[in-house]
1. Can you tell me which residue is modelled with the lowest pLDDT among those in region 327-363 that are under 37 Å from the mean Cα position of the chain (by Cα) and open to solvent by 60 Å² or more (accessible area, probe 1.4 Å)?
2. I'd like to check something: does region 128-135 contain any residue that is assigned to a loop (DSSP other than H, G, I, E, B) and basic (Lys, Arg)?
3. Cβ-Cβ under 6 Å, sequence separation 6+ or interchain: first residue in region 133-149 and charged (D, E, K, R), partner open to solvent by less than 40 Å² (accessible area, probe 1.4 Å) and not in a strand (DSSP E or B). Which pairs?
4. Given the criterion over 18 Å from Arg63 (Cβ atoms) and not charged (D, E, K, R), identify the matching residue among Leu176, Leu113.
5. Identify, please: which residue in region 725-762 is more than 23 Å from the chain's Cα centre (by Cα) and of a type in the set (Val, Ile, Thr) and is, among those, least open to solvent (accessible area, probe 1.4 Å)?
6. Kindly indicate whether any position in region 102-125 is in contact (Cβ under 8 Å) with a residue 60 or more places away in the chain, outside any strand (DSSP E or B) and under 23 Å from Ser738 (Cα atoms).
7. Scan region 467-503 for residues that are of a type in the set (A, V, I, L, M) and in contact (Cβ under 8 Å) with a residue 12 or more places away in the chain and report the count.
Amino acid sequence: MIEWVNQNDRNVDRATSHTLSAPWPFHALLLFVLLFVLLFSEVSTSAQPRLPVRMRLEPLSIRGRSGSPIAVRIKLEYNAAQMLQGDLVLEVYNSFYSKDDLMATIRYDGIVLQGTDYIFNTVLPPIEHSYQKQYLIVGWYETDTQRIPLTADPDLIDPPEPHELLSIGSYERATLICSVSGHSDYQKASPNRLFLNNALSLDNYSPVSASRTSRRQSGPGSLESQRVLNYTASWDVFNLPEDPLHLCCFDIVLLADGAFSRLEELQLQALTTWVEAGGSLCVLADDNRLTGQHVQFLQAMFRTDESPDLHFALADDSTLLVICDKREPVINRHFGLGRITLLPNVTDLSARLTGAELGGVVGHLWKLRSDSPVFQGQKWQPRDLGALLQERGLILKKDGNGFYAEGKQGSRQRFNQGRRFRQPEDLATHLDLNYELQPKGSPLASASETALLPEGVQMVPTYVIAMLLIAYVVTIGPVDYLVLGYFKARKYTWLLFPLVTAAFTAVTVSIAHQYMASTDSGGAISVVDVTDDGRPVRRTDLQMHFYASQTTLSEEVSQSFVVPGQMLIATNMQYGGPQGPRATSTGVHYSGRFPQAYNIQHDLRQWEPQLVRSMTLAPEAFDVLPIPWNDASLVTTDAGRRKLLQHLQKAAPDGSAVAAIVLNQGARFSVGGGGFLFSPGLIERGEYWVQSDVRIRRYESTPGVELEAVGLLESACRTGTRDFFSLVSQVSPQGSASLEDLPILDPTDANQWLLMVAVKGIANHTMVYRRLYRVNDSPGDQAL
């Protein structure tokens, strides 16, 4: 080896001596090449200057939950001593960086940079799902004098390289658990928290195996549409937000590893507001730093003042003392519209929680229907298609040509029986009853497209359009030929044709304005959920915008999510096949501090209905009907409902109409005949139209108030489906356009009663108040 190295050294010396002895033109050429390379590198460096501001966009979870806002951390890197003041602008694109795929623009005003990085946590609005399971985020930092691209790749500035953000696909059902730790190394979970991260997953009870093969990898009927994908995000307790709207990113919040004792007052208030509005909280009080405010929090959430058999106290070592008739109990409770579970502080939870007891915790936190096998620790099963068709007045039959549905004798159900299907699931797909768990459009959003249009607005009738076309063709054809021929002036055809075209265009526009123009811009529906003493805990507003000309609508918003609505075309609400929801706006612009206080602008097209959904948690006090909301006897008996009618008649504002209905399991009790909205005849007509075959229904006029009634009932209690709501009765608040967070009643629980009161004044605005009652100590409220 030494001889080989020495030989190479000699070869190198020999080569060097040859180089040095080369003639001088060779040295000049070598020097010229070196100078050219240095000059080119300097030019390239000057052509691509270092950007003064860089942005790093970090999602705070691997993936989000279906239809929810997305929690992200934004870091603006800036090291210069000079102060820089401007706005951060984020453009959110659906899978592709193109103008047509721009979904939202978010502007954060007044960000000051000086000598250090600027870091903050925020949420992206709950906009539509991505085509390719990703969003593209393009950022800009705008000052008074420059617009700095916050590109993901410093070498790509014009155009900037977008930041990629993984999202949920259109045919996926994803859930998200926020696992909060009080330890500094929050990514390293204790055995108990690690067990809960996995055991609380709803996918553990799915009958569809992840290893199962499917004909389709994506889309309707695919494997991904029949499973629940659960993700868990590990968070430091200090990052848990103080704004309840930020908590809408999650289905469940889990407090473990000493997280509960480290919660500050504002964080506790945010959790209270979020749970009362429908969230789910699981607490493992493995803490030795608890204070009085933490004990008071549990006492309020578990309503110990109404439960003499349960009490919480602070032990001498600052741990939680649970005074109960059971040792190491697992306690499930309802709080407002939400759920809370307290787990015992034991060494090994995996040995303590097994079988039905663990299934009870999972079923309670995920708000599963009370008849779900998960409560017994078993897997759920898809609803039987034949039984579901019978509920709709149809019978599943089969002949030599395949499967089909036929109306029961005496049933008013209308269905086209001519088509046959090879498999029952093919028939279910045609009826939009196939077993799929991805988000689907809400019946209320679909009904709003018709019910909330301005009064007097209607589509131009088909026969009018046909008459105009026939008249136009006759005029530019036979009339042009015969009249100009009679006067021997056919050379003026080139002049008559554009004149006739312009005249018919003017007539068509005039007729369209007569049918579709209106001084009103559309109606609104507000759904307000109240609890004790009529206190509102959540409000959802659906506003229809319909304008005769293209315009931009601007609105100031605070403490709310506002998103463009999604709806199904009304004629495809059920028996039209699996039609996905369509957005009713091309884009939305947020400016300010989203979602705390900001301005929102919508670009509205001419003569196109635009539905906008907003959601507010713990809305500010406003006038709620002064009736005894705490008296459950007003809804559970006939005598009580007659008394309720008297209260409503006294409380109704002057000039307003009031309607009320009570729901319990499959029963409906119209209060005082149901009023203007909930009468049995009106509801029957609406359901009769909705449940008819679309090919039969397309020739009939679409009802208005009937669809509104059916939409409100279905949005309060989803029945007759094989989608995600055939498993759950409710989901945690999210604020999305799909309105999936509106259902609150479990149709299988006899102890749940829902009162709905609708008030409509002179304007086309319907206020709907809902109060959910739980009577006779529902099983979910018992200590296990």
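1. Looking at residues that are under 37 Å from the mean Cα position of the chain (by Cα) and open to solvent by 60 Å² or more (accessible area, probe 1.4 Å), I get Thr354.
2. Scanning region 128-135, I find at least one residue that is assigned to a loop (DSSP other than H, G, I, E, B) and basic (Lys, Arg), so the answer is yes.
3. Lys133/Ser167
4. Just one listed residue meets the conditions, Leu113.
5. Val757
6. yes
7. Number satisfying all stated conditions: 6.
Residues are listed down the side, and each one gets a yes or a no for (1) hydrophobic (A, V, I, L, M, F, W, C); (2) over 29 Å from Val557 (Cα atoms):
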{"residue": "Leu124", "(1), (2)": "yes, no"}
{"residue": "Ser130", "(1), (2)": "no, no"}
{"residue": "Leu136", "(1), (2)": "yes, no"}
{"residue": "Arg147", "(1), (2)": "no, no"}
{"residue": "Leu156", "(1), (2)": "yes, yes"}
{"residue": "Glu161", "(1), (2)": "no, yes"}
{"residue": "Glu164", "(1), (2)": "no, no"}
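The values are calculated or read from the model by the stated rules, or taken from the named source; none is laboratory data. Given the structure is predicted, the values throughout are model-derived calculations rather than measurements. Glycine also receives a Cβ, built like all others from the backbone with ideal geometry; neighbour counts cover every protein chain displayed. For accessibility, only protein heavy atoms count, side chains too; no ligands or nucleic acids. Shrake-Rupley method; radii C 1.70, N 1.55, O 1.52, S 1.80 Å.
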